[in-house]
Amino acid sequence: MKTSADEQELERRFQQRIEDEQKIEPKDWMPAAYRKNLIRQISQHAHSEVIGMQPEGNFLTRAPSLRRKAVLLSKIQDEAGHGLYLYSAAETLGTPRSELIAALQAGEAKYASIFNYPTQTWGDVGAIGWLVDGAAIVNQISLQRTSYGPYARGMVRICKEESFHQRQGYEIMIALAHGSAEQREMAQDSLNRFYWPALMMFGPHDRESAHSARSMQWKIKRETNDDLRQKFIDQTVPQIAFLGLEHPDSGIRWNEERQHYDHGEIDWNEFYAVINGNGHCNRQRMEHHIRAHEEGAWVRDAIAAHREKRGGRKQQVA
Ligand code: BYC
């Protein structure tokens with residue numbers, strides 16, 4: 001039996017490995033709270049990828065050309081793939097995917113707030129690729145250096161695909177911004193509606209962030225919510241200018257001293273309302289997920305039966 005002195009020594013060595021930039025691998029010893037925090041973050045990340053297919057999926061039947069439809073379809077399929085890599089990374093920590101999905105469907109696990117906003121026009125599909133995938137990349141580039149090996153390696157591949165997603169969104173915005181007056185108006189409207197929710201993707205301010213301090217100490221997170229948000233704000237200003245659109249934040253100003261843009265305040269009441277289940281689409285997103293999961297039960301049963309027939313272990317397939 002391990003004494004508390006043994007535990008302390010294990011924790012000390014664990015933190016030293018983190019300081020030395022060594023990756024933690026599935027079979028390595030890790031503090032229970034590190035494991036729990038990682039399962040929380042990675043599974044919520046996976047849920048975001050999967051739920052994130054719904055807003056764009058809404059426009060698959062209404063894409064303006066065959067080319068746009070094929071591109072959007074493959075982008076959405078990539079998101080499903082990202083969800084699968086991430087569920088696999090979370091499973092290496094000992095929690096089966098079925099449990100993670102049950103927590104999502106019971107409302108115990110979150111997913112990114114942005115996916116509770118409706119897609120109303122084709123411009124929204126452009127804004128999602130440009131701003132939502134753009135914000136996701138800023139965060140995920142940093143996560144490529146996260147301390148948990150399977151998560152870090154998953155991020156490398158995901159980032160490559162996300163950068164294609166970001167470009168497809170920006171290309172839609174360029175076409176709309178250089179199109180008719182009506183199309184320009186559509187692009188501006190989508191930018192106005194998605195800009196602020198995209199800033200919320202980085203999470204609350206650092207001083208309000210419940211998990212940041214420990215996650216930074218364990219190098220699960222490599223940069224804080226506010227630092228990543230600032231990077232995104234800075235990179236988006238010239239992109240908006242290139243499109244010839246108006247910036248949705250009237251408070252945006254270059255600060256020579258900080259060498260960053262100052263910006264207006266985010267509506268945190270809206271953020272907390274959305275993450276607590278009261279966004280426009282929370283109910284619809286979850287109902288759709290549950291329905292699709294139930295309709296897919298026969299596939300999981302078939303896989304389990306096939307495995308059993310081939311002499312494998314009888315196990316539930318998530
Ligand atoms: N939405 O202590 P904090 C994509 C929660 S998908 C909802 O700062 P943390 C794409 C947070 O979970 C890419 N909830 O937390 C897919 C916590 O609640 P719990 C998605 C949020 O974890 C399809 C509480 O607020 N990317 O690219 O240290 C189509 C306190 O926050 C949000 C990821 O998931 C939010 N925005 O930091 C297109 C990246 N923000 O768990 C595109 C991985 C905060 O205590 N995740 N909360 O109940 C992370 O990097 C971190 O988890 C966060 C939050 C920066 C998001």
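The values are calculated or read from the model by the stated rules, or taken from the named source; none is laboratory data. Predicted model only: the values in this text are computed from it and were never measured. Here the Cβ positions follow ideal geometry from the backbone for every residue, glycine too, while neighbour counts run over all protein chains shown. Heads up: the accessible areas ignore ligands, DNA and RNA and are worked out on the full protein's heavy atoms, side chains in. Shrake-Rupley method; radii C 1.70, N 1.55, O 1.52, S 1.80 Å.
Pick out the one residue from Glu287, Glu256, Glu270 that is open to solvent by 60 Å² or more (accessible area, probe 1.4 Å), among the charged types (D, E, K, R) and more than 30 Å from Leu104 (Cβ to Cβ). Step through it out loud before you land on a result.
Values: Glu287 fails: more than 30 Å from Leu104 (Cβ to Cβ); Glu270 fails: more than 30 Å from Leu104 (Cβ to Cβ).
Sole residue among the options that is open to solvent by 60 Å² or more (accessible area, probe 1.4 Å), among the charged types (D, E, K, R) and more than 30 Å from Leu104 (Cβ to Cβ): Glu256.
Please specify each residue of the stretch 75-124 satisfying the condition of being part of a loop (DSSP other than H, G, I, E, B) and either more than 30 Å from Ile174 (Cβ to Cβ) or β-branched (Val, Ile, Thr) (or both). Give the steps one after another, and end with the answer.
We begin by selecting, within the stretch 75-124, every residue part of a loop (DSSP other than H, G, I, E, B); these are 92-96, 106-112, 117-121.
Within the stretch 75-124, Thr92, Leu93, Gly94, Thr95, Pro96, Ala106, Gly107, Glu108, Ala109, Lys110, Thr119, Thr121 qualify.
Looking at His288, His263, His293 in this structure, which one is in contact (Cβ under 8 Å) with a residue 12 or more places away in the chain, within 16 Å of the ligand (Cβ to nearest atom) and not polar (S, T, N, Q)?
Sole residue among the options that is in contact (Cβ under 8 Å) with a residue 12 or more places away in the chain, within 16 Å of the ligand (Cβ to nearest atom) and not polar (S, T, N, Q): His288.
Mind listing just one residue for me: the one in the stretch 44-89 that is among the polar types (S, T, N, Q) and in contact with a Phe, Trp or Tyr (Cβ under 7 Å, 6 or more places away or on another chain) and, of those, least open to solvent (accessible area, probe 1.4 Å)?
Taking the stretch 44-89 as the starting set, the residues that turn out to be among the polar types (S, T, N, Q) are 44, 48, 54, 58, 61, 65, 74, 77, 88.
If we keep only those that are in contact with a Phe, Trp or Tyr (Cβ under 7 Å, 6 or more places away or on another chain) as well, we get 44, 48, 54.
Numbers: Gln44: 40, Ser48: 17, Gln54: 33 Å².
Step by step, filter the stretch 44-89, then rank; the result is Ser48.
Looking at (1) open to solvent by 90 Å² or more (accessible area, probe 1.4 Å); (2) free of Cβ contacts under 8 Å to residues at least 12 places away in the same chain, find the lone condition where Ser250 falls short.
Result: Ser250 fails condition (2) only.
Here are some conditions: (1) over 20 Å from Ile141 (Cα atoms); (2) assigned to a loop (DSSP other than H, G, I, E, B); (3) open to solvent by 40 Å² or more (accessible area, probe 1.4 Å). Arg184 meets all but one. Which one does it not meet?
The single condition Arg184 does not satisfy is (2).
Could you check how many residues of the stretch 73-94 are in contact (Cβ under 8 Å) with a residue 60 or more places away in the chain and more than 9 Å from the ligand (Cβ to nearest atom)?
7
Could you please find all residues in the stretch 199-225 being among the aliphatic types (A, V, I, L, M) and outside any loop (DSSP other than H, G, I, E, B)?
Correct list: Leu199, Met200, Ala213, Met216.
From Lys219, Lys231, which residue is in contact with a helix residue (DSSP H, G or I) (Cβ under 8 Å, 6 or more places away or on another chain) and at positive phi?
Numbers: Lys231 fails: at positive phi.
Only one candidate qualifies: Lys219.
If you check Ala106 against the conditions, is it more than 12 Å from the ligand (Cβ to nearest atom), of a type in the set (Gly, Ala, Ser), modelled with pLDDT of 95 or more and over 15 Å from the mean Cα position of the chain (by Cα)?
For Ala106, the condition - more than 12 Å from the ligand (Cβ to nearest atom), of a type in the set (Gly, Ala, Ser), modelled with pLDDT of 95 or more and over 15 Å from the mean Cα position of the chain (by Cα) - is met.
Could you please find all residues in the stretch 16-53 being outside any helix (DSSP H, G or I) and within 16 Å of the chain's Cα centre (by Cα)? Give the derivation first.
Within the stretch 16-53, the first condition is being outside any helix (DSSP H, G or I), and the residues that meet it are 20-31, 52.
Listed by number, the list holds a single entry, Gly52.
Step by step: first the residues of the stretch 145-180, then only those that are outside any helix (DSSP H, G or I) and either open to solvent by 60 Å² or more (accessible area, probe 1.4 Å) or touching a residue at least 40 places away in the same chain (Cβ under 8 Å) (or both), then the one that is nearest to the ligand (Cβ to nearest atom). Which residue is that? Break it down stepwise before answering.
From the stretch 145-180, those outside any helix (DSSP H, G or I) are 145-148, 178-180; that's our starting set.
Retained after the next criterion (residues that are either open to solvent by 60 Å² or more (accessible area, probe 1.4 Å) or touching a residue at least 40 places away in the same chain (Cβ under 8 Å) (or both)): 145-148, 178.
Working: Arg145: 12, Thr146: 9, Ser147: 13, Tyr148: 12, His178: 24 Å.
Top of the filtered list is Thr146.
Within 11 Å of the ligand (Cβ to nearest atom), modelled with pLDDT of 95 or more, touching a Ser or Thr at 6+ places or on another chain (Cβ under 7 Å) and of a type in the set (A, V, I, L, M) - does that describe any residue in the stretch 181-188?
Keep residues of the stretch 181-188 that are within 11 Å of the ligand (Cβ to nearest atom), which gives none.
Within the stretch 181-188 (the criterion being within 11 Å of the ligand (Cβ to nearest atom), modelled with pLDDT of 95 or more, touching a Ser or Thr at 6+ places or on another chain (Cβ under 7 Å) and of a type in the set (A, V, I, L, M)), the answer is no, since none of the residues qualifies.
Of these, Arg229, Arg214, which one is over 18 Å from the mean Cα position of the chain (by Cα) and either farther than 30 Å from Trp29 by Cβ or surrounded by fewer than 23 Cβ atoms within 10 Å (Cβ to Cβ) (or both)?
Details: Arg229 fails: over 18 Å from the mean Cα position of the chain (by Cα).
Being over 18 Å from the mean Cα position of the chain (by Cα) and either farther than 30 Å from Trp29 by Cβ or surrounded by fewer than 23 Cβ atoms within 10 Å (Cβ to Cβ) (or both) holds for just one of Arg229, Arg214, which is Arg214.
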